[in-house]
Each structure stands twice: as structure tokens, then as C-alpha cells.
Amino acid sequence: MIFGILTTTLVLFVWNRWRYDLVAMGSLLAATVAGLVPAEEVFAGFGHPAVITVAAVLILSRGLLNAGVVDSIARSLSRVGSQPMAQVAALTVLIAFCSGFMSNVGALALLMPVAIWMSRQHGHSPSLLLMPLAFGSLLGGMITLIGTPPNIIIAAYRKQAGLAPFG
């Protein structure tokens, strides 16, 4: 039964006919109705610190985007020049720094539009900047606890198990 729900969910994600959140909630509802997830635990995962942190950082990133911070960063990075390697270096260093102090998901959400804009301005493929951007985000996210969701999850489990915190 669970494999049927998972397969259907994956097919609906790939099909991309409905929004991802609706498909996910429908899958959760189907698992609950099928008795695979107890009704009292359906929304238990939404209170996990990792979920709350990622959601908060995505909201913060959207706010920075709407406030014009991304445009300001794009203007500053446009001075780097048209050489792809200089752009890669500048974006990678910037996102590694940002990922150390905010979630790497949020840093990516903040700087992806900048990378896409830069690639379009200079006539090269966005993947030339986006892949190094992703790697820089991952590396920077490992610097601090808040940098990446797995760090937050492991820290929460360590606390739950009564072990010493990271630091």
C-alpha cells in the first residue's frame, strides 16, 4: 500500500499538473486514511526544528528578494566582468559566506536569480553558474549548525538522546 502511495506521489510530482504542496498533503491524507500513519501523528513532523528553520529562512529570503537586496547584489556582482570563471568565483565565495549564516536553501533561493540574471546578461548557460553556486552553498552550509537542514536534524536528535551539543 505504501509503495502505491509513494509511486502515485512521484508520478504526480513528475507530471507537474498540480502544485507540489497539494500532492504532498493528498499523499499524507491517503496514508492516514489507509491506516499507515496514525491520525494523531499526521502533522507531528511539521513541528520539527529543521522544518520550521527552513520555512523561516525561505520566508526571509523572499522578503530580501522583494526588498531589492537581490537587485543590489546583482548590480554589485555585475562589476566582476563577463569572464565566466570570475563570475563563478565571486558567486561561490558569496554563497559560501551566506550559507554559513543562513540556511543553504535560503542562500540558494536568494542568489539563484542573480546567477541566472548574470548568465543571461553575458550570454552563457545558467548551468555554468548554478552548479558551482550549489556546491558553494553546500560547502558553506557545513560551517555552522544552521547552515544546512541535516545539521539541524542531527543536533535535535543529539539533544533528544541527551548527548552533548555541537560546538
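FYI, it's all coordinate maths here, none of it is from the lab. Just so it is clear, the model here is predicted, and its values are computed rather than measured. FYI the Cβ positions are ideal-geometry reconstructions off the backbone, even for glycines, and counts take in every protein chain you see.
Projecting the Cα atoms of Ser78, Val57, Phe46 onto the charge dipole of the chain, computed from C-beta unit charges around the Cα centre, puts Ser78 farthest toward the positive end. Between Phe3 and Leu58, the FRET efficiency estimated from the beta carbon spacing at R0 = 41 angstrom works out to 0.85. Taking 0.36 nm per residue of separation and subtracting the Cα-Cα distance, full extension of the segment from Ala39 to Ala156 would add 39.7 nm. For the chain, adding -39500 (n - 2.57) for each run of n ≥ 4 DSSP H residues and dividing by the number of residues yields -23500 deg cm²/dmol at 222 nm. When peptides 50-56, 155-161, 145-151 are sorted by average Cβ neighbour count within 10 Å, with the highest value leading, the order is 145-151, 50-56, 155-161.
Taking Met25, Met102, Met85 as the candidate residues, the one with maximal mean-square fluctuation in a Gaussian network model of the chain, Cα springs under 10 Å, is Met25.
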